[in-house]
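Trainee: First, the structure itself, so that you have it in front of you.
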Amino acid sequence: MIDDFINFFTENLLVFQIVSLFVSTILLSFIIYFIAKLNIIGEKIENFIDVLGAKDISKRRTLKAWKQIQRRLKTGELNQLKLAILEADKVLYEVLKMIDYQAKNFDEILEKITEIQLSNIKEIRHIHKLRHRIASEPDFQISVNEAEMAIEIYKRAFQELKLIE
């Protein structure tokens, strides 16, 4: 009985190998599909890049944040205008941090940057002070025009850094 099984197995070894290869390929395809669908690797790679402080910034991530900032600005609501400025400031801080402007905080980074490196740095410093007021004064009022001007300053910086077009 055992000899018959061994003979059958050895005679059909190539068939077993082909079937095994086919099943393995299908299972591997499912694994790759679900990993891509769940974006498991993409998140891990992004986190790894963030930890290393890599210079290659995820343009897709920045564009997503920029679209969110623009949506907030278009509402015209006071809280949304404030959030748009806070988010734009945060994105710029993260980008400059990743480009190797290492410092304790954003204020120190802004002091290190010259107009040669970022042409509208003086305006950014001014808008960053506005951001501080928004964050520290809950009843701070800002007009739609002021918010639009602030976001325009951030936009020019993002364009200069080639994060948006």
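Trainee: Would you mind stating whether A150 is modelled with pLDDT of 85 or more and surrounded by 15 or more Cβ atoms within 10 Å (Cβ to Cβ)?
Mentor: Yes; evaluated as a whole, the condition is true for this residue.
Trainee: While we're here: Among the residues of region 77-104, which ones are among the small types (G, A, S) and either surrounded by 15 or more Cβ atoms within 10 Å (Cβ to Cβ) or under 13 Å from the mean Cα position of the chain (by Cα) (or both)?
Mentor: A84, A88
Trainee: Can K55 be described as surrounded by fewer than 12 Cβ atoms within 10 Å (Cβ to Cβ) and either at pLDDT 85 or above or part of a helix (DSSP H, G or I) (or both)?
Mentor: no
Trainee: Condition first: surrounded by 12 or more Cβ atoms within 10 Å (Cβ to Cβ), assigned to a helix (DSSP H, G or I), at pLDDT below 80 and not β-branched (V, I, T). Can you find one or more residues in region 60-76 that meet it?
Mentor: Yes; the residues of region 60-76 include at least one that is surrounded by 12 or more Cβ atoms within 10 Å (Cβ to Cβ), assigned to a helix (DSSP H, G or I), at pLDDT below 80 and not β-branched (V, I, T).
Trainee: Moving to a separate point now. Output the number of the condition that R133 fails; it satisfies all remaining conditions of (1) within 23 Å of the chain's Cα centre (by Cα); (2) within 20 Å of I69 (Cβ to Cβ).
Mentor: Only one criterion in (1) within 23 Å of the chain's Cα centre (by Cα); (2) within 20 Å of I69 (Cβ to Cβ) is unmet by R133, namely (1).
Trainee: Tell me which residues, restricted to region 127-143, are touching a residue at least 12 places away in the same chain (Cβ under 8 Å) and not polar (S, T, N, Q).
Mentor: I127, H128, L130, R131, I134, A135, F140, I142 - these are the residues of region 127-143 that are touching a residue at least 12 places away in the same chain (Cβ under 8 Å) and not polar (S, T, N, Q).
Trainee: Take region 135-158 and flag every residue that is part of a helix (DSSP H, G or I) and either more than 18 Å from K90 (Cβ to Cβ) or touching a Gly at 6+ places or on another chain (Cβ under 8 Å) (or both).
Mentor: Matches in region 135-158: V144, N145, E146, E148, M149.
The values are calculated or read from the model by the stated rules, or taken from the named source; none is laboratory data. Computed from a predicted model, the values in this text were never measured in an experiment. Here Cβ is always computed from backbone atoms with ideal geometry, including for glycine, and neighbour counts include all displayed protein chains.
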